[in-house]
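Enquirer: I am attaching a structure below and will ask some questions about it afterwards.
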Amino acid sequence: MQLIDGKATAQVIRDEIKAEVDYIVSNGHRPPHLAAILVGHDGGSETYVAYKIKDCEEVGFRSSLIRFEDHLKEENLLKKIEDLNQDPDLDGFIVQLPLPAHINEQLVIEAINPKKDVDGFHPENVGRTVLGLPSFISATPFGITELFRRYHIETSGKLCVIVGRSNIVGRPMSILMSQKSMNATVTVAHSGTEHLESLCASADILIAALGSPGFVKAHMVKEGAVVIDVGTTRVPSADTKSGFRLKGDVVFEEVAPKCSYITPVPGGVGPMTRVSLLSNTLLAAKGNITQ
Ligand code: NAP
C-alpha cells in the first residue's frame, strides 16, 4: 500500500507556483491577485478563508478579504461582485459558501464573471469542463486529478465508482474521470443507489465523497484498489485544542491494507483542494482561460 501524500504534493505545487510568480514579477508585472468575499462569521468559513489568504502569501500572490455582516442585502452583494468583475487589478475571486439563507447562492454564482470564477462553479465553466474545453475546474476534483497524475496512477480502462453527486465534488469528478485524458469507466452513486456495498467492492478506483464518517469499510473495497477519501466531517475530540478533528468517509485502518494507493484524512485531498485554487488563480492571471 502506498500512501498518497496530499500535503507534500501540494507543497511541491506551491513551490512551482511561487517560481512562476517570481518570474512574472521579475519581468515587471504585478503578482496574481485573488479576493475572497466572506459574509457573516461561520467558524468553518472563517477558517477556510484564513487558509486561502495564508496560501496566497506563501506563493507571492496579492490577496484581498472583503467582509460583510450576515444581514447583508443580496443586491449589495451582487453590486460588489459586479465591481470585482470590472476590477482590472483583480484576476479572480471567490464567494465563500454557504451564504446566509436569505441570499440566493445560485444567483450569486451566476453573477461572477466566468473569467474570474476561480472556484469553477459558474455554469459556463461547468459546461466547458463537460465539453473538455479550457475552463476553471472546481478545486477538489482538480486536486484529485493532480494526485493521479503526479503519483502516475493508471486510470485508463479502470472502473471508477464515485460515491456522491454534488455539484462541487462528485459530479465534476465523474466528468473528469470519464474524459479521454483519464479514460476511466465511471459509475456515480448517491443516496438512491441500490447494492452500494457490492458496487463499491467492484471498483478499481473508489472515490468517497459523501460526508458520512467511516462509511467505507474493508468489505466494500477490492484488493488492490485505489481509494480517494474526500470526506471531511468535524467530529468532537478531546485530544485537540479546537475540540474537534476531521474524519474521512473511509475507515482508514481497515481499508488501507487492501489498497494499492489511499489518501489519508487529514493530509490527502484537503491540501490539494487548497492548492488548486492557487493554480486556477495563476491561470486567470496568465489569461490562460480563453472564453
Ligand atoms: P454534499 O453536497 O452533501 O453531497 C453528498 C453526496 O453524497 C450527495 O450526492 C448524496 O446523495 C451522497 N450521499 C450521502 N449519503 C449517502 C449514502 N449513505 N449513500 C450514498 N450516497 C450518499 O457533500 P459535498 O459537498 O460533495 O461533500 C462531501 C464530503 O466531502 C463532505 O464531507 C465534505 O466536507 C467533503 N469535502 C471535502 C473537501 C476537501 O477538500 N477535502 C472538499 C469538498 C468537500 P444525494 O445526492 O442522493 O443526496
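Enquirer: Find the strands (runs of 3 or more DSSP E) located wholly in segment 1-106 whose residues include 3 or more that are open to solvent by 50 Å² or more (accessible area, probe 1.4 Å), and list them.
Expert: Once the strands (runs of 3 or more DSSP E) in segment 1-106 are filtered for at least 3 residues that are open to solvent by 50 Å² or more (accessible area, probe 1.4 Å), what remains is 62-68.
Enquirer: Just checking, how many residues over segment 250-263 are touching a residue at least 40 places away in the same chain (Cβ under 8 Å), of a type in the set (A, V, I, L, M) and open to solvent by 10 Å² or more (accessible area, probe 1.4 Å)?
Expert: 1
Enquirer: I'd like the residue in segment 131-159 that is within 16 Å of the ligand (Cβ to nearest atom) and in a loop (DSSP other than H, G, I, E, B) and, out of all such residues, is most open to solvent (accessible area, probe 1.4 Å).
Expert: 137
Enquirer: Shifting gears a bit: Output the residues belonging to segment 160-206 that are assigned to a strand (DSSP E or B) and either closer than 26 Å to residue 106 by Cα or of a type in the set (Lys, Arg) (or both).
Expert: 162, 163, 188, 189
Enquirer: Here is a list: 120, 164. Which entry is open to solvent by less than 30 Å² (accessible area, probe 1.4 Å), under 21 Å from residue 278 (Cα atoms) and within 14 Å of the ligand (Cβ to nearest atom)?
Expert: Just a single option satisfies the conditions, and that option is 120.
Enquirer: Go through segment 170-182 and give me each residue that's open to solvent by 60 Å² or more (accessible area, probe 1.4 Å) and more than 14 Å from the ligand (Cβ to nearest atom).
Expert: Those that are open to solvent by 60 Å² or more (accessible area, probe 1.4 Å) and more than 14 Å from the ligand (Cβ to nearest atom): 178, 180, 181.
Enquirer: Mind telling me which of the residues 266, 236 ends up being free of Cβ contacts under 8 Å to residues at least 12 places away in the same chain, open to solvent by 60 Å² or more (accessible area, probe 1.4 Å) and at negative phi?
Expert: Going through 266, 236 in turn, just one is free of Cβ contacts under 8 Å to residues at least 12 places away in the same chain, open to solvent by 60 Å² or more (accessible area, probe 1.4 Å) and at negative phi: 236.
Enquirer: Collect the residues in segment 234-291 that are away from the ligand (no atom under 11 Å from the Cβ) and among the small types (Gly, Ala, Ser), keeping them in residue-number order.
Expert: Residues satisfying the conditions are 237, 238, 242, 243, 256, 260, 279, 284, 285, 287.
Enquirer: Looking at (1) of a type outside the set (Phe, Trp, Tyr); (2) out of contact with any strand residue (DSSP E or B) (no Cβ under 9 Å at 6 or more places or on another chain); (3) away from the ligand (no atom under 14 Å from the Cβ); (4) within 29 Å of residue 278 (Cβ to Cβ), can you tell me which one residue 218 breaks?
Expert: All conditions pass for residue 218, except number (4).
Enquirer: Only one of (1) within 29 Å of residue 152 (Cβ to Cβ); (2) surrounded by 13 or more Cβ atoms within 10 Å (Cβ to Cβ); (3) more than 22 Å from the chain's Cα centre (by Cα) fails for residue 223. Which number is that?
Expert: Among (1) within 29 Å of residue 152 (Cβ to Cβ); (2) surrounded by 13 or more Cβ atoms within 10 Å (Cβ to Cβ); (3) more than 22 Å from the chain's Cα centre (by Cα), the lone unmet condition for residue 223 is (2).
Enquirer: Under 7 Å by Cβ, and 6 or more places apart or on different chains, what pairs join a residue from segment 79-99 that is touching a residue at least 60 places away in the same chain (Cβ under 8 Å) with one that is of a type in the set (D, E, K, R)?
Expert: Here the result reads 91/116; 92/116; 94/119; 99/105, each pair linking segment 79-99 to a residue that is of a type in the set (D, E, K, R).
Enquirer: Now, a different point. Just to be sure I understand, how many residues within segment 194-215 are near the ligand (Cβ under 6 Å from one of its atoms) and either of a type in the set (Ser, Thr, Tyr) or without any contact (Cβ under 8 Å) to a residue 12 or more places away in the chain (or both)?
Expert: Residues meeting the conditions: 1.
Enquirer: A further question follows. Is there a residue being in contact with a helix residue (DSSP H, G or I) (Cβ under 8 Å, 6 or more places away or on another chain) and more than 27 Å from residue 270 (Cα to Cα) anywhere in segment 56-74?
Expert: yes
The values are calculated or read from the model by the stated rules, or taken from the named source; none is laboratory data. Treat the numbers as computed from the prediction; the structure is a model and nothing was measured. Please note: Cβ atoms are built from the backbone with ideal geometry, for glycine as well, and neighbour counts cover all protein chains shown. Just the protein is used for accessible areas: all its heavy atoms, side chains included, with ligands, DNA and RNA removed. Shrake-Rupley method; radii C 1.70, N 1.55, O 1.52, S 1.80 Å.
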